[in-house]
1. Quick check, is Ala235 out of contact with any Gly (no Cβ under 9 Å at 6 or more places or on another chain) and not acidic (Asp, Glu)?
2. Any idea which residue in the range 39-75 is modelled with the lowest pLDDT, counting only those that are surrounded by 17 or more Cβ atoms within 10 Å (Cβ to Cβ) and among the polar types (S, T, N, Q)?
3. Of these, Ser15, Ser78, which one is closer than 29 Å to Glu268 by Cα, at pLDDT below 90, surrounded by 18 or more Cβ atoms within 10 Å (Cβ to Cβ) and outside the structural domain of Phe131 (by TED's automatic domain parsing)?
4. Could you list all residues from the range 13-41 that are touching a Lys or Arg at 6+ places or on another chain (Cβ under 9 Å) and of a type in the set (A, V, I, L, M, F, W, C)?
5. Evaluate the range 66-74: report whether one residue or more is within 18 Å of the chain's Cα centre (by Cα) and among the β-branched types (Val, Ile, Thr).
6. Is there any pair linking a residue in the range 105-116 that is in the same structural domain as Leu141 (by TED's automatic domain parsing) to one that is surrounded by 10 or more Cβ atoms within 10 Å (Cβ to Cβ) and β-branched (Val, Ile, Thr), with Cβ under 9 Å and at least six apart or on different chains, and which?
7. Of these, Ala83, Ala58, Ala70, which one is within 24 Å of Val10 (Cα to Cα), without any contact (Cβ under 8 Å) to a residue 40 or more places away in the chain and outside any strand (DSSP E or B)?
8. Kindly evaluate Gly189 against the criterion of being surrounded by 14 or more Cβ atoms within 10 Å (Cβ to Cβ), modelled with pLDDT of 90 or more and not hydrophobic (A, V, I, L, M, F, W, C).
Amino acid sequence: MYQLRALLAVARNGSVQRAADELLVSQPAVSAALGGLQKALGVPVVERDGRGTKLTAAGECLTAYGRRIAALLDEALSEARAAAAPGSGRVRFAAVTTAAEQLLPMLLREFRASAAQIDVIVDVANKELVFDRLGHGEADLVLAGRPPQDGRFRTAAVRSNDVVVIGPPGRGLDASDLAGQTWLLREPGSGTRETTRNLLDQLGIDPPAVTIGSNGAIRECVRAGLGVSVLSRDAVARELGDGALVEIATPYTPLVRDWHLVMSADRETPAGARRFVEFAVASGAFRAP
């Protein structure tokens with residue numbers, strides 16, 4: 001199993017040295033693990049790539065399986081410990097930025113008040129990555145927008161989420177001004193970026209754009225007058241309330257894009273995650289889909 005974990009670390013880091021730093025071992029130890037793995041397989045799994053290391057086709061294939069194997073082993077150990085201590089357990093979230101910043105803090109505070117023995121792990125990434133992690137068993141629940149409709153995922157609960165166009169105060173902007181504004185977009189892979197692109201198509205405009213990788217940075221850039229953007233109302237509720245930002249009405253907004261609490265459709269959801277879903281619905285924060 002150590003050999004497989006070494007390969008996964010190299011895949012994540014693109015370097016044997018960085019993989020060693022992550023695993024808290026020496027570089028020769030990682031190299032030896034890769035050598036043993038390649039000897040057992042009879043084919044190379046990594047190769048040099050400039051100053052770094054990249055996976056071969058065999059390495060890519062093994063990594064895809066390895067992620068699921070490592071995640072399943074971790075889950076099995078956690079569930080076995082929980083079985084020996086009723087009321088304990090673990091829930092691993094993968095959440096998009098807005099949900100992690102605006103929804104999860106209050107939910108987790110209330111959940112932990114009634115389930116203090118359940119460990120909580122939160123991984124924050126864009127929509128593409130959080131569903132990738134759920135698909136590989138590296139997360140138990142995803143909190144994000146609508147999941148990919150490929151049969152791998154199941155929505156356990158939903159919550160309303162209005163998406164609005166925001167701009168700086170004092171400009172008097174309306175929908176007719178939007179074509180001439182710079183639009184601030186989230187990074188590729190973000191559900192908010194996809195929503196923004198769809199809105200621009202509906203508006204029939206192709207304005208200049210700047211990509212910014214976080215909601216917080218976008219909020220501050222809009223406040224500073226750099227441009228306009230599209231964000232969840234949950235992400236800017238405070239700023240809209242105190243006048244630091246303004247909502248710009250358009251014929252197509254607000255857009256209703258529910259938050260989805262999502263689990264895997266093809267594997268058993270751990271007890272801790274199931275308990276969180278039950279709490280979220282019972283508390284009224286989410287509703288059954």
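1. Values: out of contact with any Gly (no Cβ under 9 Å at 6 or more places or on another chain): no; not acidic (Asp, Glu): yes.
It is false that Ala235 is out of contact with any Gly (no Cβ under 9 Å at 6 or more places or on another chain) and not acidic (Asp, Glu).
2. Once the filter is applied, the top-ranked residue is Thr53.
3. Details: Ser15 fails: closer than 29 Å to Glu268 by Cα.
Testing whether each residue is closer than 29 Å to Glu268 by Cα, at pLDDT below 90, surrounded by 18 or more Cβ atoms within 10 Å (Cβ to Cβ) and outside the structural domain of Phe131 (by TED's automatic domain parsing) leaves just Ser78.
4. Restricting attention to the range 13-41, the residues satisfying the condition of being touching a Lys or Arg at 6+ places or on another chain (Cβ under 9 Å) are 14-15, 18-19, 22-23, 33.
Ala19, Leu23, Ala33 - these are the residues of the range 13-41 that are touching a Lys or Arg at 6+ places or on another chain (Cβ under 9 Å) and of a type in the set (A, V, I, L, M, F, W, C).
5. First, the residues of the range 66-74 that are within 18 Å of the chain's Cα centre (by Cα): 67-68, 71.
Checking the rest, the ones that are also among the β-branched types (Val, Ile, Thr) come to none.
No, the range 66-74 contains no residue that is within 18 Å of the chain's Cα centre (by Cα) and among the β-branched types (Val, Ile, Thr).
6. Close Cβ pairs satisfying both conditions: Leu108/Val120; Leu108/Val122; Phe111/Val91; Phe111/Ile118; Phe111/Val120; Arg112/Ile118; Arg112/Val120; Ala115/Val91.
7. Ala58
8. Values: surrounded by 14 or more Cβ atoms within 10 Å (Cβ to Cβ): yes; modelled with pLDDT of 90 or more: no; not hydrophobic (A, V, I, L, M, F, W, C): yes.
The answer is no for Gly189.
The values are calculated or read from the model by the stated rules, or taken from the named source; none is laboratory data. In this text the structure is predicted, and so the values were computed from the model without any measurement. Note: ideal-geometry Cβ built from the backbone for every residue, glycine included; neighbour counts use all protein chains shown.
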